[in-house]
Amino acid sequence: MTYSAIGIDRISMYTPAYFLDIRQLAVARGVDPDKFTIGIGQDQQAVIPGSQDVVTMGATAALRMLDDIDPDRLGLVILGTESGVDASKAGALYIHDLLGLPHSVRCMEIKEACFGGTAGLMTARDYVAAHPDKQALVIAADVARYGLGSGGEVTQGGGAVAMLVSSNPRILELDDDTCVYSGSIQDFWRPVYTDEALARGKYSTEQYLEFFEHVWLDYAARTGRSASEFAAFLYHLPYTKMGAKGLKRLFEITEVCDEARSLLEERFNKSIQYSRRVGNVYTGSLYLGLISLLELDDTLQADDELVLFSYGSGAVGELFTGRLVEGYRAALYSEEHAAILDNRRQVSVEEYERIFNNVAPYSPQDYVADEKYFCGSFVLEGVEGQERKYKRIG
Ligand code: HMG
């Protein structure tokens, strides 16, 4: 089995049914709305009610692909997240239970900030390389939460992306030419006693670009390939302007002809459309960008090659490539995803703040989620005696 015949067979996303208009947030915070829409590059932000967490969102995203999961072939269920609901038990086990998956599978959770989903994808790819008949389910889910009125508030969001990984995938074959760069830095972190992240904002953006430069230059040196050979560059999107800075950095450090440059810019623009409406999904952001590109672009063709740059604060950067498979459009969930985004209800800043403050506490108290904001296929009903209670609603 060659690596190039292993990859993403199906890819599905979910984000809750509420959003905030980013211009209204700007006005409420006394900021020029253009700073948020142009300077940061966001239009809307997903608002995550207390009934939704990485388990419910991950399970809802994966539910759609249940018919493609073969109980005899599934061997691995991985949740990549930095918003885990327990410091010990893997969130993948709750998802495994909600989806009624077979018991003969490994379930685990991987954490490394926004890199967790990519770590899961690479682990799944290696697993399928060793066991070509097997499938792996990788879920990247997060709630990006910085705090009301904080510097990072404009870059909040949340949701999940589920990917089924197998041999002879229908969407994207993954190459085995990844380049990684890791180093312990303090750009963004979240102590275990809080659900709100801390960030050295400017420093984090500089480090993101430094890590991108390391892995791209390493990739170019090792493979001798040039940026113009690729159909699109996809970036981790904490906010869409960050990805735009990544593409700009690429053009600064490598030769790209005008024609290739405008094609890469055009396709980058397609890749950020879903993120402009959802915000940061932390470990799912890169893959939300992939979904956005594949579902909104009608110029890509089979065998076109994509570059994907994953960045998780702390920090790990990984750059890898993939090749589109003949007929990949038929394996997408374009209509379902358009409906999820279009059917959300807009909330005011006051309602967003109420929802933000009504989530399961980081303390032993019981909690009951507000039924008014139940959405998706699964909900967290509440926390009772320090145990989380989930149920299916749709
Ligand atoms: P800030 O201080 O609010 O923004 O921080 P700023 O003052 O730097 O302005 C942002 C941009 O808006 C600037 O453009 C301004 O010029 C422009 P730039 O210089 O960047 O090109 N601007 C305007 N544009 C148009 N009209 C105006 C206007 N005013 C200003 N009127 C920051 C922004 C993103 C740093 C902050 O929101 C933050 O700390 N966010 C959280 C951290 C983050 O997202 N870091 C990204 C890199 S780290 C990463 O990607 C990992 C992460 O996903 C976590 C993980 O791995 O788990 C975060």
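Just a few scattered comments:
- Exposure of VAL138 as accessible area (Å², to 10), given a probe of 1.4 Å and all protein chains: 0
- Computed lengthening from MET108 to ASN358, 0.36 nm per intervening residue step minus Cα-Cα distance: 87.2 nm
- A simple rule links phi to the HN-Hα coupling: the Karplus curve 6.51 cos²θ - 1.76 cosθ + 1.60 with θ = phi - 60°, which for the stretch 201-213 gives x, 4, 4, 5, 5, 5, 5, 3, 5, 4, 5, 4, 4 Hz, with x for Gly and Pro.
- The candidates TYR203, TYR282, TYR146, arranged from most to least accessible area with a 1.4 Å probe in the full protein assembly, appear as TYR203, TYR146, TYR282.
- The relative contact order of the stretch 266-306 comes to 48 percent, based on Cα pairs under 8 Å that sit 6 or more residues apart.
- Largest-first ordering by accessible area, 1.4 Å probe, given options THR223, THR118, THR194: THR223, THR194, THR118
- Net charge dipole size for the chain [Lys, Arg +1 and Asp, Glu -1 on Cβ; Debye, nearest 20]: 620
- Over the chain: helical MRE at 222 nm, DSSP H runs n ≥ 4 each giving -39500 (n - 2.57), nearest 500: -10000 deg cm²/dmol
- Rolled with a 1.4 Å probe across the full set of protein chains, the surface gives GLU259 an accessible area near 150 Å².
- Using a Förster distance of 30 Å, the FRET efficiency for THR223-ASP68 (Cβ separation, nearest 0.05): 0.40
- Remark on GLY50: its backbone amide H falls under 5 Å from those of ASP370, a criterion applied only to residues 5 or more positions apart or on other chains, H modelled at 1.01 Å from N.
- When the surface is traced with a 1.4 Å probe over the full set of protein chains, HIS96 keeps roughly 20 Å² accessible.
- Counting only protein heavy atoms and a probe of 1.4 Å, the accessible surface of the chain is 46% carbon and sulfur.
- Antiparallel DSSP beta bridges within the chain, percent to nearest 5: 70
- Normalised contact order of the stretch 217-316, rounded percent, pairs of Cα under 8 Å and 6 or more residues apart: 39
- Using only side-chain charges placed at the Cβ, +1 for Lys and Arg and -1 for Asp and Glu, the dipole size of the stretch 219-280 relative to its Cα centre rounds to 400 debye.
- For the pair the stretch 227-243 / the stretch 254-325, the C-alpha centres are spaced 5 Å from each other.
- For the chain, the relative contact order works out to 26 percent when only alpha carbon pairs closer than 8 Å and six or more residues apart are counted.
- Shape category assigned to the stretch 174-327 from the gyration tensor of Cα positions, a/c cut at 1.5: prolate
- Cα Rg, Dmax, the chain, angstrom units: 19.7, 62
- Beta bridges by DSSP in the stretch 223-335, antiparallel share as percent, to the nearest 5: 65
- The calculated Kirkwood hydrodynamic radius for the stretch 345-394 is 12.0 Å, given to one decimal from all distinct C-alpha pairs.
- Along the axis of the charge dipole computed for the stretch 100-251 (Cβ charges of +1 for Lys and Arg, -1 for Asp and Glu, origin at the Cα centre), the listed residues ALA220, GLY159, LEU174 are led at the positive end by GLY159.
- Point-to-point label distance, VAL349-GLU266, nm (Cα→Cβ direction, 7 Å offset): 3.9
- On a per residue basis, the chain carries 39 Å² of accessible surface, using protein heavy atoms and a 1.4 Å probe.
- Cross-link check: pairs LYS245/LYS389; LYS202/LYS391; LYS134/LYS248; LYS111/LYS134; LYS111/LYS248 evaluated at a Cα-Cα cut-off of 31 Å; pairs beyond the cut-off: LYS245/LYS389; LYS202/LYS391; LYS134/LYS248.
The values are calculated or read from the model by the stated rules, or taken from the named source; none is laboratory data. Quantities reported herein were computed from a predicted structural model and do not represent experimental measurements. In this analysis, Cβ positions are derived from the backbone assuming ideal geometry, glycine residues included, and neighbour counts consider all displayed protein chains. For the accessible areas, the whole protein counts, side chains as well, though only heavy atoms, and no ligand, DNA or RNA atoms are used. Shrake-Rupley method; radii C 1.70, N 1.55, O 1.52, S 1.80 Å.
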